[in-house]
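The values are calculated or read from the model by the stated rules, or taken from the named source; none is laboratory data. Everything numeric here is computed off the predicted structure, so don't read it as measured data. Using ideal geometry, Cβ is built from the backbone for each residue, glycine included, and neighbour counts are taken over all protein chains shown. Only protein heavy atoms, including side chains, enter the accessible area calculation; ligands, DNA and RNA are left aside. Shrake-Rupley method; radii C 1.70, N 1.55, O 1.52, S 1.80 Å.
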Amino acid sequence: MDTLGKTAAALGVALAVQTVGGLIWAGGAAARIATLEARVGEQALVAERLARLEEQGVATRAAVERIERKLEGGK
């Protein structure tokens, strides 16, 4: 095999190795992205629940203030 043939073979092997490495990297990146998307979805649910709890707290505080005013004889 001449120098040109050896160079072409080495280039082909290097290209194949880089392609396999790129595919492995892409698979790992896809898995990490899927994990992050799942976490974001969970956080969205938690944020929605927290917002509901905050609104319930505001309503409870208003109700307690009304009850206190009535107990104090106010309007």
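Rounded to the nearest 500, the helix-only mean residue ellipticity at 222 nm of the chain stands at -35000 deg cm²/dmol, with each DSSP H run of n ≥ 4 adding -39,500 (n - 2.57). Computed 3J(HN,Hα) for region 59-65, one whole-Hz value per residue from the Karplus formula 6.51 cos²θ - 1.76 cosθ + 1.60 where θ = phi - 60°, is 5, 5, 4, 5, 5, 5, 5, glycine and proline marked x. Along region 28-35 the Karplus relation, 6.51 cos²θ - 1.76 cosθ + 1.60 evaluated at θ = phi - 60°, assigns HN-Hα couplings of x, 5, 5, 5, 5, 5, 4, 5 Hz to successive residues, with x for each Gly and Pro. The phi-based Karplus calculation (6.51 cos²θ - 1.76 cosθ + 1.60; θ = phi - 60°) puts the 3J(HN,Hα) values of region 5-21 at x, 5, 5, 5, 5, 4, 5, x, 5, 4, 5, 5, 4, 5, 5, 4, x Hz, whole numbers, x for Gly and Pro.
Using a cut-off of under 17 Å, list every residue of region 26-54 whose amide N is near the label point 7 Å from the Cα of Glu65 along the Cα-to-beta-carbon line. Flagged as within label range: 54. Can you find, among Val46, Gly73, Gly27, the residue farthest towards the positive end of the dipole of region 20-75? Put +1 on the C-beta of Lys and Arg, -1 on that of Asp and Glu. Result: Gly73.
With +1 on each Lys and Arg Cβ and -1 on each Asp and Glu Cβ, how big is the dipole of the chain about its Cα centre, in debye rounded to the nearest 20? Could you put the intermediate results ahead of the total?
Working: 10 positive and 9 negative charges, 56 e Å.
So the dipole magnitude of the chain works out to roughly 260 debye.
For the chain, with all protein chains in place and a probe radius of 1.4 Å, 66% of the accessible heavy-atom surface sits on carbon or sulfur.
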